Structures are given as C-alpha cells and as structure tokens.
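Undergrad: Next up is a structure, given as structure tokens.
The numbers here are math on the coordinates, done by the rules we state, and not lab data. Computed from a predicted structure; not experimentally measured. All Cβ positions, glycine included, derive from the backbone under ideal geometry; neighbour counts span all protein chains shown.
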Ligand code: AVJ
C-alpha cells in the first residue's frame, strides 16, 4: 500500500478523492469531467465524427455558413483591436472558420485558446499554422478562470467562445454560477458566444449518446478503466453496461453505468471495496438541451443578456451571443 500511495501523483489526488466520495454516495456518481484522459479524449474525437453525433456538424455549419452574421452581432469595429478567447477549444475546427473571415475582412484581434491539455493547444496551433500561416496565436495552458482573471487587466474588448455545448454537462444552477463567474471576469460590452444543443425529439438525441458502433459506450466505461489504471482497481467492464436515456420533456440526456451482476470491486489505492447490486447504476453525465427559456434561466442575475441567436439549417443547435 505504501508504494501505491507514493505513486499517486498530485494530479490524480483530486481524482482519487472524487472517486472515493462518488462511489460511496447513493446513488453512486462519477463526474463527467474525468472522461477526458488520453484514451477518453481519443474516444471523444471519434464520437465527434460519428453520423449520430449531430452536434459537431451542426455547430460547424453555423460557423461555416454564418460567420458574417456572428461578426455583425459581436459589434466590433474594424479599427479597434480585440481579444478572441476560447475556453476549451478542442481542435479549433469551428473557430478557424471564424478566424478565416476575420482575417479576410481585416479585423485586428488576438486569438487566445485556453485549455488544460497541451495536446489540444498543439493541435490548434497546427490547424491555424496550416490554414492561416500568417496568423500568430497565443495559446494559454491552464484553468479558464485563472487565465481570464489574468487577462482581465488588458484594455481590449473581449469575445469569449464557449462552444460545443460544453455547458450542457452542467446542471442549470451550476451553469448559472459558471456564467456569473465568467461575467465577473468581463467588462461591459464584452461578448460571449455560447454553443448549446437544442431540445428536440428523442429519436434524434438519444442515438447521439448511444451510437451503433458503441464508441459512446466505450467512452462512458472508460471511466472505470481509468480507475483501474490510476487507482489500481479491478473493474471488469464486461460486467457493466452503458445506459443512456433522454427525457424529451425535461430536455436532458443522461448517461449511467449499470452493473450487470452483484459484485464487489476492490480499489486498492483508495483502500476501498465498492459493492454493486445487480442493476445498480453510477450516474456519469448529463447533457442539457436548451431552448430560449432555459437559456434565459441560466443567465439570471449574471449581468448577461442575449443579443443574438444563430442556428444551423436543421435548427438542432444554437450559438447564442450574450
Ligand atoms: C463534450 C459535453 C458536449 O455532452 O454531448 C459526447 C460529451 N458525452 N458523448 C456531450 C459527450 C457523450 C459532450 N460534450
């Protein structure tokens, strides 16, 4: 045991703590923020390419086909300099469509993608280097709010991008406090482009979280494999299943992991054995789907107001300008 303790790096101390707490609660839960280790990030890239996962294409469609509308809503003058800050930029493929038009139209701005993953930042730098070889960008590695706080002192107007329906992983109350915090780091007149997946029929939403190739299953169950790898546990993922659901009325997709049998799993680094009853579940993710009313609700007392909304052709996805 002593050896295990010593090998737990600083990075996964929080992970260890959260796993211990989450698997001791009723119902059991694990945070979706832990999906994205190296394997999970690779699986998510694959998810984004799936035909069922319409979100990525829908938002790409908005950035590809309506960049001038986006720019118009941002109310920026061609003569003044501004900062375009992206929170969790992924591979940057949507944003690059906006950058191309900003370049072509001679806007003056600095692009600052923020991510905790150096790999993601390297990928964006590559994409920009290939598609806009003359554009220098300023990647920032670290925590969103820490970096926003550092940038707060700059005298330039800001546009913050938070795309991909990443906000959807937050319960409404959390989304509200996230936006409050974000708004506190901005000044009057600054803008936010918030990507949200819209409420729609179950027949469209559910397959996005239950694809036919089983990539989303692997993505969800990778949480258990991550616990095996990082906390010296013994989950047999064949004894668990991926359980997605979508409540059309509520507008929230939920993912759970369900035990197929009664079983006890030792997690050695935590000095903990977790018992599962047959069919017992672990809550792993919510993906909130929005409409104007819910958007309004999460903007309450944030000092933010909606000044525009752009949708893809099928009206599956919306980028709200706040
Ligand atoms: C990255 C949070 C937008 O909720 O749709 C994809 C993550 N989970 N498939 C989403 C996810 C399962 C995704 N977000």
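Undergrad: So between residue 134 and residue 25, what do we pick up on full extension, going 0.36 nm a residue minus the alpha carbon distance? Mind showing how you got there, number by number?
TA: Values: separation 109, 0.36 × 109 = 39.24 nm, distance 5.25 nm.
Gain in length upon complete extension: 34.0 nm.
Undergrad: May I ask for the distance between the Cα centers of the range 63-88 and the range 90-161, given as a whole number of Å?
TA: 12 Å
Undergrad: Given a cut-off of under 8 Å on Cα pairs at least six residues apart, what relative contact order in percent is computed for the range 159-269?
TA: 24 percent
Undergrad: Under a plain spin-label model, where a point goes 7 Å from the Cα along Cα-to-Cβ, how far apart in nm are residue 141 and residue 18?
TA: Label-label distance for residue 141 and residue 18, simple model: 2.0 nm.
Undergrad: Subtracting the Cα-Cα distance from 0.36 nm times the residue separation, let me have the gained length for residue 171 to residue 305 in nm, one decimal.
TA: Numbers: separation 134, 0.36 × 134 = 48.24 nm, distance 1.97 nm.
Using 0.36 nm per residue and subtracting the Cα-Cα distance, I get 46.3 nm.
Undergrad: Now for a separate question. Can you give me the relative contact order of the chain as a percent, contacts being Cα pairs under 8 Å and 6 or more apart?
TA: Values: 547 pairs, mean separation 71.2, N = 322.
With pairs under 8 Å counted, the relative contact order is 22 percent.
Undergrad: Under the definition of Cα pairs under 8 Å and six or more residues apart, what whole-number percent is the relative contact order of the range 51-144?
TA: Values: 115 pairs, mean separation 27.1, N = 94.
Once divided by the residue count of the range 51-144, the mean separation gives 29 percent.
Undergrad: Over the range 176-291, what is the percentage of antiparallel beta bridges among all DSSP beta bridges, to the nearest 5? Let's see the in-between values first.
TA: On the way: 21 of 22 bridges.
Percent antiparallel among DSSP bridges in the range 176-291 is about 95.
Undergrad: Same structure again: Ordered by packing density, taken as the mean number of other Cβ atoms within 10 Å over each peptide's residues, highest first, how do 151-158, 120-127 rank?
TA: So the order, starting with the most tightly packed, is 120-127, 151-158.
Undergrad: If you fit an axis through the alpha-carbon atoms of helix 215-231 and take the longest principal axis of the Cα set of the chain, what angle between them do you get, 0 to 90°, nearest 10?
TA: The answer is roughly 60 degrees.
Undergrad: What is the angle, in °, between the Cα long axis of helix 54-65 and the longest principal axis of the Cα atoms in the chain? Nearest 10 is fine, range 0 to 90.
TA: Taking Cα atoms only, the helix is inclined about 10 degrees.
Undergrad: Moving to a separate point now. As a test of the formula, what do you get for the chain when each DSSP H run with n ≥ 4 contributes -39,500 (n - 2.57) and the sum is divided by the residue count, at 222 nm and rounded to the nearest 500 deg cm²/dmol?
TA: Working: 12 runs with 127 residues, N = 322.
When only DSSP H runs of four or more count, the value is -12000 deg cm²/dmol.
Undergrad: Another question, if that's okay. Between residue 91 and residue 239, what is 0.36 nm times their sequence separation minus the Cα-Cα distance? Round to one decimal in nm.
TA: Values: separation 148, 0.36 × 148 = 53.28 nm, distance 3.38 nm.
Working it through step by step, the gained length comes to 49.9 nm.
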